[in-house]
Amino acid sequence: MAETLTGAEIVIRALRDQGVDTVFGYPGGAVLPIYDEIFKQNDIRHILVRHEQGAAHAAEGYARSTGRPGVVLVTSGPGATNAVTGLTDALMDSIPIVVLTGQVPTFMIGNDAFQEADTVGITRPCTKHNWLVKDTDQLGDIIHKAFHVATSGRPGPVLIDIPKDVQFATGTYHGPRPSDFWSYNPRRKGDPERIAQAVALIEAAERPVFYTGGGVINSGPEASRLLRELVEATGFPITSTLMGLGAYPASGRHWLGMLGMHGTYEANMAMHGCDVMICVGARFDDRITGRLDAFSPGSRKIHIDIDPSSINKVVRVDVPILGDVAEVLREMIALWRERGGRTRADAVAAWWQQIEAWKAVDCLRYKPSDRIIKPQYAIQRLEALTRGMDRYVCTEVGQHQMWAAQFMGFEEPNRWMTSGGLGTMGYGVPASIGVQIAHPDALVINVAGEASFLMTMQEMGTAVQYRLPVKQFILNNERLGMVRQWQELLHGERYAHSWSEALPDFVKLAEAFGCKGIRCDNPADLDDAIAEMLAHPGPVIFDCVVEKHENCFPMIPSGKAHNEMLLGEASTQGAIDAGGAVLV
Amino acid sequence: MNALHIKPGSSAHSAYDLRSNLDERQERHTIAVLVDNEAGVLARVIGLFSARGYNIDSLTVAEVDHRSHLSRITVVTTGTPEVIDQIKAQLSRMVCVHDVHDLTVEAPHVERELALVKVAGKGQDRVEAMRLSEVFRARVVDTTLESFVFEVSGTSEKIDAFIELMRPLGLVNIARTGIVAITRGPGKLEKRQD
Ligand SMILES: Cc1ncc(C[n+]2csc(CCOP(=O)(O)OP(=O)(O)O)c2C)c(N)n1
Ligand SMILES: [Mg+2]
């Protein structure tokens, strides 16, 4: 069973045995033996990115849209350090990616050799785990273990640093092992006693709310299916974090919209006023909770999470359930049905009346214009003209990201790729490339800000080279819009460095890359322009020139509670105090 | 005074610390962590403590099972009960960690530390150092005509006391191991199931 192969051969063999079909990479001296092996085979497709950060985000996009780990191959030194932002992004959002880095030969490590960096040292805090392989005999098993670690428990990025001599040397290769071969095996089943307590809370709840997150998506499609089943059966309202959009369909009857800093009024008020909160695969992030001591003060809280450190980290909960979302939901539904499938229907109906009153506030309203394109309007039109299509949406980071989350509806999981935890500008362009690679025939849109787009726009070269018809939909406000908004609200309208003085002509830029550019600055032309973008078979850069000073509302200012939301321009005067200004 | 007029003790000092009140309910816990004896494992554990702002009062590590490449880290830390719980959860989810035991709450246990204490002197001081070392059951592991190296073990308090007594008698250097701990009785720590 064991075979003798060179290290470079082992890399390709192990990737193939793991079912990898695509590697996002960039070559260099320390990975040349592996590139040589890539050259000699056709099973694994290598996508040449334009920057290693792009490789990591592309792998993230691939992983998030397929549920399978994304794979990256980069060289030592600068190749590895360039990948660090992508690793950190994947760690914060629990995205499984496997990064292979070249390293100087073992006998030169520690000598400040050319393109040497302490890659495992640098990436230790931004990976779930990492390895420096010193012996070719161990390479195969380490790669298999890396895939196991990246995808089991709470998923995350892993890195394998492979010195060049280890790639050249021969060693024994053993195929993939069963998962119980590895000592790392986080528990998946929930504690039945706790599940029973949760069911009792569900039965007694008068003002319940489901608060769901990226953990539902990460658990897999079965988790989303079970979540939908439980929501429909109980009739409880449901909201989700930015990361969890799509687990429950936006068209569903019980959907309240996203919660948190720029979430809907009804979602945040329901969180504030609920008596039972059922948190499923979310982690009480500070974008979600607002002021902690005022967070959902009257509720009993159930928390399902696979990561023990997420439970009771920021908010103490009454019923913690450690386990995989799908496993726990399945047990929960079974037990609840077995006990009669009861809810306090009358009380819940009254709760829905209250929620309808909050919905009537129409918190996402904005002042329309027939002169300039309002960014919200642009997203609404994009949504209307692409709804029902086989569609994947990525974003960059900023106001446009929040407007996309607010105004686009996701019906399925794995359709929405955005940098949540790290908030990485530059994520969207390469992520859209990774998604398009995985779904060649689908419509892949990156809702971008002009500033974020500039951070990784070189990847348009990748899109053109591999004929990836990604649509870059730039809401161009000629501002670092989200920064400008904070400066307006928190820093006395002193707009320090929050605009770009020399933006490129995006249409010419598109042409320079060899793709199509479209500019639109008139609301009357917008639908036609979007249709033109959709009809074009190749990549498009769409420069949507929008209102420059629009603010993103609703907003829970830093340091405020859920019931202290700002709903529009009129409500902003003096709303944020100095204590809030210090928070991010 | 800072420009933002933040009350001392308020959560607002750090953008990331949203706890409303700084908690004074600090507790000291001794935690035993069984880890893979692989390169970088200590850096991982220490990195966790520094990255998340936890205290390390004492930390020792050595391989305890050569065949299965397992090391035991004994770490003594202080924090509020919530922080102690977080530390254990953070440790137990690490890929290199097999098991985490909070000896302070799980089982009666003994804690010991070992120190090597060098004392140089002549005449009466030297005699007195020797006499005190017997009281503390310290062993002399090196001697010259004008110095001793004592090996003393016991609780950290006992070692502190010994060092204080040696100070006026010509204390030169101290090397301490930090605390190691083990449960009392015949039982073996079982693998924890959270
Ligand atoms: C890499 C990185 N640097 C800085 C920031 C801080 N930041 C958050 S939003 C933002 C402005 C984004 O501008 P743009 O992409 O044009 O989006 P807009 O808010 O205008 O829609 C900045 C600078 C960040 N999130 N990421
Ligand atoms: Mg902008």
**Q.** In the range A:532-571, the residues that are open to solvent by less than 50 Å² (accessible area, probe 1.4 Å), within 16 Å of ligand 2 (Cβ to nearest atom) and in a loop (DSSP other than H, G, I, E, B)
**A.** A:GLU547, A:GLU550, A:ASN551, A:CYS552
Q) Hey, among the residues in the range A:119-136 that are part of a loop (DSSP other than H, G, I, E, B) and facing another protein chain (nearest Cβ under 10 Å), which one's least open to solvent (accessible area, probe 1.4 Å)? A) A:THR127
Q) Within the range A:401-414, can one find any residue that is farther than 24 Å from A:THR212 by Cβ, within 14 Å of ligand 1 (Cβ to nearest atom) and either open to solvent by less than 20 Å² (accessible area, probe 1.4 Å) or within 14 Å of another protein chain (Cβ to nearest Cβ) (or both)? A) no
Q: Return the only residue of B:GLU63, B:GLU27 being under 24 Å from B:GLU157 (Cβ atoms), more than 10 Å from chain A (Cβ to nearest Cβ) and either surrounded by 14 or more Cβ atoms within 10 Å (Cβ to Cβ) or at pLDDT 90 or above (or both).
A: B:GLU27
(Q) Consider the range A:418-436. How many of its residues are within 18 Å of A:ALA83 (Cβ to Cβ), buried (at least 24 other Cβ atoms within 10 Å of the Cβ) and aliphatic (A, V, I, L, M)? (A) 3
(Q) Every residue in the range A:92-109 that is open to solvent by less than 50 Å² (accessible area, probe 1.4 Å) and not in a strand (DSSP E or B), please. (A) A:ASP93, A:SER94, A:ILE95, A:PRO96, A:VAL104, A:PRO105, A:THR106
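Let's see how each residue does on (1) within 13 Å of chain B (Cβ to nearest Cβ); (2) out of contact with any His (no Cβ under 7 Å at 6 or more places or on another chain); (3) in a helix (DSSP H, G or I); (4) surrounded by fewer than 22 Cβ atoms within 10 Å (Cβ to Cβ):
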position: A:ASN111; (1), (2), (3), (4): no, yes, no, yes
position: A:GLN138; (1), (2), (3), (4): yes, yes, yes, yes
position: A:ASP180; (1), (2), (3), (4): no, yes, yes, yes
position: A:ALA196; (1), (2), (3), (4): no, yes, yes, yes
Q: Among the residues of the range A:443-465, count how many are open to solvent by less than 10 Å² (accessible area, probe 1.4 Å), more than 14 Å from ligand 2 (Cβ to nearest atom) and not in a strand (DSSP E or B).
A: 5
Q: Would you tally the residues in the range B:80-118 being within 14 Å of chain A (Cβ to nearest Cβ) and not polar (S, T, N, Q)?
A: 18
Q: May I ask you to list the residues in the range A:235-253 that are open to solvent by less than 10 Å² (accessible area, probe 1.4 Å) and either free of Cβ contacts under 8 Å to residues at least 60 places away in the same chain or not hydrophobic (A, V, I, L, M, F, W, C) (or both)?
A: A:PRO237, A:ILE238, A:THR239, A:SER240, A:GLY244, A:GLY246, A:TYR248
**Q.** Count of the range A:473-504 residues which are under 13 Å from A:HIS549 (Cβ atoms), part of a helix (DSSP H, G or I) and more than 13 Å from ligand 1 (Cβ to nearest atom)
**A.** 1
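The values are calculated or read from the model by the stated rules, or taken from the named source; none is laboratory data. Since the model is a prediction, treat every value here as computed from it, not as a measurement. Every residue, glycine as well, gets a Cβ built from its backbone with ideal geometry; the counts of neighbours run over all protein chains shown. Just the protein is used for accessible areas: all its heavy atoms, side chains included, with ligands, DNA and RNA removed. Shrake-Rupley method; radii C 1.70, N 1.55, O 1.52, S 1.80 Å.
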